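Comments concern the structure below.
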Amino acid sequence: MELVRAAEIMATHPEHQRLPFPDAYGLGGAFSNDQFGPLIEASVPLVDCGFMHADAVYDVVSVSRGMFFRLDQHQDRFARACGAILVKNPMDREREAEILHKIVALAGLKDAYVWWAVTRGLPPGGRSEMIDPDKFEPRFYAFASPFVWIADDEQRARGMDLVLSRERIRISPRAVDPTAKNFHWLDMQMALFEAGRRGGEWAILPDEEGFLTEAAGANVWVVRNGTVLTPDTGCLLGITRQSVFDLCAELGVSAKATRIHGDELEDADEVFLTTTAGSIMPARSLDGRPIGGREGPGKLSVELHNRYWERRWEGWDGTPVRYELAQT
Ligand SMILES: Cc1ncc(COP(=O)(O)O)c(C=O)c1O
């Protein structure tokens, strides 16, 4: 089965054509410091604890063919993340959604990467206030840019070259809760540099006992004997991950979340990654060895990828962008 070239479709299909937008919005639209504006002009005060201490939670939802995908699920996850780090979202749910719609609309985007965050905000006056979460004034930021691909059409079609990190582990959930999507990225970024040095394109991180957690910015999946498996702990509960469970149910393929040791990758039939920024990304090699004794991506990975995009473009859990908000 040929991989659906989703990036090419986004670039060429008339239903994906960007609406007219002011020149300044070329990079996208944003909301920062309580104002809408072009992404290129958005800013964060240097002393915002989000910037200084990675003290923030965020989420990313995508838009394709003018529709948000699973916006409610992203907003639910974001609300839980705010609760987990004791930060009060200054926006209520409706206002949050309206801001997300408007930043996409301002930039006329039909396919977008839509990021938003609540940071702890500026540090309160005295050091003694640092121990009281109610003394902070959290701040809300958001931007929408053209759709982002971790792996482009070519990489997804031929399969990515992955590396299981030997130098890094994913931070322990007891240190930073990975289910509250957060700014802690150094373990993943350093693992990506390791992947680059070892001839790979992306990195998977184990935990301290060698069990798989997730990849940098993506969930990891293993297909073995017709069953699709993904780690049950130590990772973000990805919305694309949930979508894979849903697609597997539709296809009658068994799928489950479980512990997977790094050593088990050796007899994997297929491996793939999932994330909002790039969808379902089939892999062809791990640590320089072909996966499943085959060149190229696995059949089921490609089938899931294609079905994901077909279903999305049919309107699966879609919310049409309110483009009229650009005029308000
Ligand atoms: C660490 C991490 N794991 C997994 C994911 C995948 O989550 P989702 O499918 O909701 O984008 C992301 C997304 O950015 C992530 O940052």
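Quick notes on this one:
- Within the option set ALA216, ALA191, being under 25 Å from PHE51 (Cα atoms), in contact with a Ser or Thr (Cβ under 6 Å, 6 or more places away or on another chain) and not hydroxyl-bearing (Ser, Thr, Tyr) holds for one residue only, ALA191.
- Residues (over 22 Å from the mean Cα position of the chain (by Cα) and either exposed (fewer than 15 other Cβ atoms within 10 Å of the Cβ) or part of a loop (DSSP other than H, G, I, E, B) (or both)) located in the stretch 27-42: ASN33, ASP34, GLN35, GLU41
- Under the condition of being among the aromatic types (Phe, Trp, Tyr), more than 12 Å from VAL118 (Cα to Cα) and within 12 Å of the ligand (Cβ to nearest atom), the residues counted in the stretch 66-89 number 1.
- Candidate set from the stretch 146-155 (those that are within 15 Å of ALA11 (Cβ to Cβ) and touching a strand residue (DSSP E or B) at 6+ places or on another chain (Cβ under 6 Å)); member that is surrounded by the most Cβ atoms within 10 Å (Cβ to Cβ): PHE147
- Matching option when the condition is in contact with a helix residue (DSSP H, G or I) (Cβ under 7 Å, 6 or more places away or on another chain), more than 11 Å from the ligand (Cβ to nearest atom) and open to solvent by 20 Å² or more (accessible area, probe 1.4 Å), among LEU186, LEU212, LEU164: LEU164
- Count of the stretch 262-272 residues which are crowded, with 17+ Cβ neighbours inside 10 Å and more than 13 Å from SER285 (Cβ to Cβ): 2
- Candidate set: the stretch 199-209, residues that are away from the ligand (no atom under 15 Å from the Cβ) and not acidic (Asp, Glu); chosen: the one nearest to LYS299 (Cα to Cα): GLY200
- A single entry from LEU300, LEU325 fulfils the requirement of being in contact (Cβ under 8 Å) with a residue 60 or more places away in the chain, open to solvent by 10 Å² or more (accessible area, probe 1.4 Å), over 19 Å from PHE69 (Cβ atoms) and of a type in the set (A, V, I, L, M): LEU300.
- Entry remark, the stretch 268-310: residues being away from the ligand (no atom under 15 Å from the Cβ) and part of a helix (DSSP H, G or I) number 11 in total.
Residue-by-condition table, conditions (1) at pLDDT 95 or above; (2) closer than 17 Å to GLY200 by Cα:
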residue: VAL228; (1), (2): yes, no
residue: THR240; (1), (2): yes, no
residue: VAL244; (1), (2): yes, no
residue: ALA249; (1), (2): yes, no
residue: GLY252; (1), (2): yes, no
residue: ALA255; (1), (2): yes, no
residue: ASP267; (1), (2): no, no
residue: VAL271; (1), (2): yes, yes
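- Counting only strands (runs of 3 or more DSSP E) that fall entirely inside the stretch 81-173 and contain at least 2 residues that are touching a residue at least 40 places away in the same chain (Cβ under 8 Å) and farther than 30 Å from PHE193 by Cα, the qualifying elements are 139-146.
- Qualifying residues in the stretch 222-267 (those that are of a type in the set (Lys, Arg) and either touching a residue at least 40 places away in the same chain (Cβ under 8 Å) or at positive phi (or both)) - the one farthest from the ligand (Cβ to nearest atom): ARG224
- Counting only strands (runs of 3 or more DSSP E) that fall entirely inside the stretch 201-261 and contain at least 3 residues that are touching a strand residue (DSSP E or B) at 6+ places or on another chain (Cβ under 7 Å) and closer than 19 Å to ALA283 by Cα, the qualifying elements are 202-206, 212-215, 219-224, 227-231.
- Selected residue (only one of LEU86, LEU106 is closer than 15 Å to THR328 by Cβ and assigned by TED's automatic domain parsing to the domain that holds CYS49): LEU106
- THR179 vs. criteria within 11 Å of the ligand (Cβ to nearest atom), surrounded by fewer than 17 Cβ atoms within 10 Å (Cβ to Cβ) and either over 29 Å from VAL63 (Cβ atoms) or of a type in the set (S, T, N, Q) (or both): yes
The values are calculated or read from the model by the stated rules, or taken from the named source; none is laboratory data. Note that the structure is predicted; figures quoted are calculated from it, not measured. FYI the Cβ positions are ideal-geometry reconstructions off the backbone, even for glycines, and counts take in every protein chain you see. Quick note on the areas: whole protein, heavy atoms, side chains included, nothing else; ligands and nucleic acids left out. Shrake-Rupley method; radii C 1.70, N 1.55, O 1.52, S 1.80 Å.
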